[in-house]
Structures are given as structure tokens and as C-alpha cells.
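Peer 1: Got a structure here, written out as C-alpha cells. Questions coming.
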Amino acid sequence: MDLEHNKAVIRELDDLGNGEGDIGRLDALCAPDMLNHALAPGQPSGIEGTRQFLQRAQRQSHPAKWIESHIVAENDLVVQFGSREHHWPGGSFRGFDVPSGIYTRDTAFAYRLTDGLVSERWAIRDDLAMLVQLGAIEPHHR
């Protein structure tokens, strides 16, 4: 597939992650044996785990959006990088009790596509920025 097709697939998948579009389109965007390395331990790693994550995220109540986004593609690899704004509903995150609120953090999503479908996905996020902005931890100043 060409680079513009690959970027379009990622844009549509990103829309789903932002609470837009038809979640039923996952089957048309992702390979049946997709590996989503960004899901929590114990979750299915494929399309079904991704579907469950998108449903649990409840973006209509807890929105997320790009403040700035860049999509770069080369061969079968696509990276989306930028700054995202989220609404955290409050609760436990990686062992920290995190109060609810809005925060912004740098995020990168990396994808491998096979025959025009997402076959692997990774997420790299600045979780420390989230924890500091929401007051779950205090930065140590010297």
C-alpha cells in the first residue's frame, strides 16, 4: 500500500481513539492477528482488546484530543507524534491515586501496517507529566 493510504488508516484509527467514528470499522482497519502492545496487562492484545479499550475509555465523558499532531510514514511504518489533551476521570493509574482533571502530555503512537492494515501498535506517553499536572506527585526541586 502507498504512504497516503497508510496515513489515512492511522487517521481513521486515531478518530476512533478520540471518540469519533464507528468502532465497528476496527475490523476494516486492523489485521485479524493485530498486536496492540499498548494495552494493559491481562487484556487481549488484538482487535478485541483494542475494541474493549476504546469502549472503556468513554471519550464522550472523558475526551481526548490532539493539541498538535504530526503523522510520518515510511514503507510499512507510521508514527504519530504530538501533544494530547485528556480528561482523567480520577482513580488509580500505575499504582498512583490520581485526582480527576485535565492534563496535556507528549504522546507518540507507532504502527506497523501489513497489506494496508494495522498489524502492530505501540504507545509512548509522558505519564510523569500527567501525574505531576494532576497533583498525584510533587516534583522535587533542588
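Peer 1: Name the one entry in 136, 108 that is surrounded by 13 or more Cβ atoms within 10 Å (Cβ to Cβ), more than 18 Å from the chain's Cα centre (by Cα) and not polar (S, T, N, Q).
Peer 2: 136
Peer 1: Select from region 28-52 the residues that are modelled with pLDDT of 95 or more and more than 22 Å from residue 81 (Cα to Cα) and write down the one among them that is surrounded by the fewest Cβ atoms within 10 Å (Cβ to Cβ).
Peer 2: By that ranking, first place goes to 28.
Peer 1: The conditions are (1) under 18 Å from residue 123 (Cβ atoms); (2) surrounded by 15 or more Cβ atoms within 10 Å (Cβ to Cβ), and residue 55 fails exactly one of them. Which is it?
Peer 2: Residue 55 satisfies all of (1) under 18 Å from residue 123 (Cβ atoms); (2) surrounded by 15 or more Cβ atoms within 10 Å (Cβ to Cβ) except (2).
Peer 1: So which of 60, 52 ends up being part of a helix (DSSP H, G or I), of a type in the set (S, T, N, Q) and closer than 28 Å to residue 93 by Cβ?
Peer 2: Result: 52 is the single residue among 60, 52 that is part of a helix (DSSP H, G or I), of a type in the set (S, T, N, Q) and closer than 28 Å to residue 93 by Cβ.
Peer 1: Assuming residue 115 fulfils every condition listed in (1) surrounded by fewer than 13 Cβ atoms within 10 Å (Cβ to Cβ); (2) in contact with a Ser or Thr (Cβ under 7 Å, 6 or more places away or on another chain); (3) within 21 Å of residue 24 (Cβ to Cβ) apart from one, which condition is it?
Peer 2: (2)
Peer 1: Hey, among 9, 72, which residue is modelled with pLDDT of 95 or more, in contact with a helix residue (DSSP H, G or I) (Cβ under 6 Å, 6 or more places away or on another chain) and closer than 19 Å to residue 111 by Cα?
Peer 2: Within the list 9, 72, the selection yields 9.
The values are calculated or read from the model by the stated rules, or taken from the named source; none is laboratory data. For clarity, every value in this text was computed on a predicted model and none was experimentally measured. Neighbour counts are summed over all protein chains in view; Cβ atoms, including those assigned to glycine, are modelled from backbone coordinates with ideal geometry.
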